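A.B. asks: The structure that follows is given in the form of C-alpha cells.
The values are calculated or read from the model by the stated rules, or taken from the named source; none is laboratory data. Since we're looking at a predicted model, the values are computed, not measured. Here Cβ is always computed from backbone atoms with ideal geometry, including for glycine, and neighbour counts include all displayed protein chains.
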Amino acid sequence: MSENEERQPREREESLCPCKSRMKYGVCCMPFHHRKAKPSTAEQLMRSRYSAYFFRLVDYLVETTHPDTRKPGLRKELTKMVPQVNWANLEVVATAKGEKEDKTGKVEFVANFFVNGEPEELHEVSRFKRYKGDWKYLDGKE
C-alpha cells in the first residue's frame, strides 16, 4: 500500500464529519458506516445517511431504508444518482420524538448540494421508524 493510500483513510477519519455535527468522522458517522455501531436516535440515523450520500455509500443507504418503503430498484437508482450530486451542507432544523426509547421520529433538515455545478436545496421532513429494534428511514416530505 502506498503512503498516499494509507494517509487518505486516516485523514478522512480525523476530518470533521460531513453531517456537520462538529465531531470527527471517525467518532461520528464512520462507526455506523462500518457497521461497528448503530444509531441510537432518528437524528443520528439521518445524519449518518447524509454522510453516506456525501461519501456515496449506496449499500448503507439501502440497508437503512425501512423495508416497508424500500423500492425494489432502490440500489440501482441510488447507484446512478449519487455520483451526480455533490453535497455541501446540512442543517438540522427540528426533531420530534426519535429518541432512544421512541419507536418513531421525525427530523426536519435543509441540505445544500450541487448537480452539474448548479446549487440546489432539499428541505425535507423525514420520518423514521424502528425495524427489529434499529432506526430506519421511512419516507420524507419536501
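A.B. asks: So which of Thr95, Thr104 is over 15 Å from the mean Cα position of the chain (by Cα) and crowded, with 17+ Cβ neighbours inside 10 Å?
C.D. replies: Numbers: Thr104 fails: crowded, with 17+ Cβ neighbours inside 10 Å.
The unique qualifying residue is Thr95.
A.B. asks: I'm trying to understand the selection: among the residues of segment 88-142, which are among the small types (Gly, Ala, Ser) and in a strand (DSSP E or B)?
C.D. replies: In the first step, residues of segment 88-142 are kept if they are among the small types (Gly, Ala, Ser); the result is 88, 94, 96, 98, 105, 111, 117, 126, 133, 140.
Passing the criteria: Ala88, Ala94, Ala96, Gly105, Ala111, Ser126, Gly140.
A.B. asks: On to the next question. List every residue pair whose Cβ atoms sit under 6 Å apart, with the two residues 6 or more apart in sequence or on different chains, where the first one lies in segment 57-82 and is at pLDDT 95 or above and the second, anywhere, is of a type in the set (S, T, N, Q) and in a helix (DSSP H, G or I).
C.D. replies: Val58/Thr79
A.B. asks: Please verify whether segment 21-28 includes one or more residues that are of a type outside the set (S, T, N, Q) and in contact (Cβ under 8 Å) with a residue 60 or more places away in the chain. Lay out the reasoning, then the answer.
C.D. replies: Step one: list which residues in segment 21-28 are of a type outside the set (S, T, N, Q), which gives 22-28.
Keeping just the survivors that are in contact (Cβ under 8 Å) with a residue 60 or more places away in the chain gives none.
Within segment 21-28 (the criterion being of a type outside the set (S, T, N, Q) and in contact (Cβ under 8 Å) with a residue 60 or more places away in the chain), the answer is no, since none of the residues qualifies.
A.B. asks: While we're on this one: Taking interchain pairs and intrachain pairs at least six residues apart, which have beta carbon atoms under 7 angstrom, with the first residue in segment 114-128 and over 12 Å from Trp87 (Cα atoms) and the second surrounded by fewer than 15 Cβ atoms within 10 Å (Cβ to Cβ) and at pLDDT below 95?
C.D. replies: These pairs meet every condition: His123/Glu142; Glu124/Lys141; Glu124/Glu142; Val125/Lys141.
A.B. asks: Which one of the conditions (1) of a type in the set (Gly, Ala, Ser); (2) surrounded by 18 or more Cβ atoms within 10 Å (Cβ to Cβ); (3) in contact with a strand residue (DSSP E or B) (Cβ under 9 Å, 6 or more places away or on another chain) does Ser48 fail to meet, given that it meets all the rest?
C.D. replies: (3)
A.B. asks: A further question follows. If you go through segment 51-76, how many residues are in a helix (DSSP H, G or I) and either in contact with a strand residue (DSSP E or B) (Cβ under 6 Å, 6 or more places away or on another chain) or not aromatic (Phe, Trp, Tyr) (or both)? Lay out the reasoning, then the answer.
C.D. replies: Residues of segment 51-76 that are in a helix (DSSP H, G or I), as a first pass: 51-55, 58-63, 74-76.
Filter once more, keeping what is either in contact with a strand residue (DSSP E or B) (Cβ under 6 Å, 6 or more places away or on another chain) or not aromatic (Phe, Trp, Tyr) (or both): 51-54, 58-59, 61-63, 74-76.
Qualifying residue count for the region: 12.
A.B. asks: Still on this structure, please answer the following. Return yes or no: is Pro72 touching a Phe, Trp or Tyr at 6+ places or on another chain (Cβ under 9 Å), surrounded by fewer than 13 Cβ atoms within 10 Å (Cβ to Cβ), over 21 Å from Phe32 (Cβ atoms) and not β-branched (Val, Ile, Thr)? Steps first, answer last, please.
C.D. replies: Numbers: touching a Phe, Trp or Tyr at 6+ places or on another chain (Cβ under 9 Å): no; surrounded by fewer than 13 Cβ atoms within 10 Å (Cβ to Cβ): yes; over 21 Å from Phe32 (Cβ atoms): yes; not β-branched (Val, Ile, Thr): yes.
Spelling it out, it is not the case that Pro72 is touching a Phe, Trp or Tyr at 6+ places or on another chain (Cβ under 9 Å), surrounded by fewer than 13 Cβ atoms within 10 Å (Cβ to Cβ), over 21 Å from Phe32 (Cβ atoms) and not β-branched (Val, Ile, Thr).
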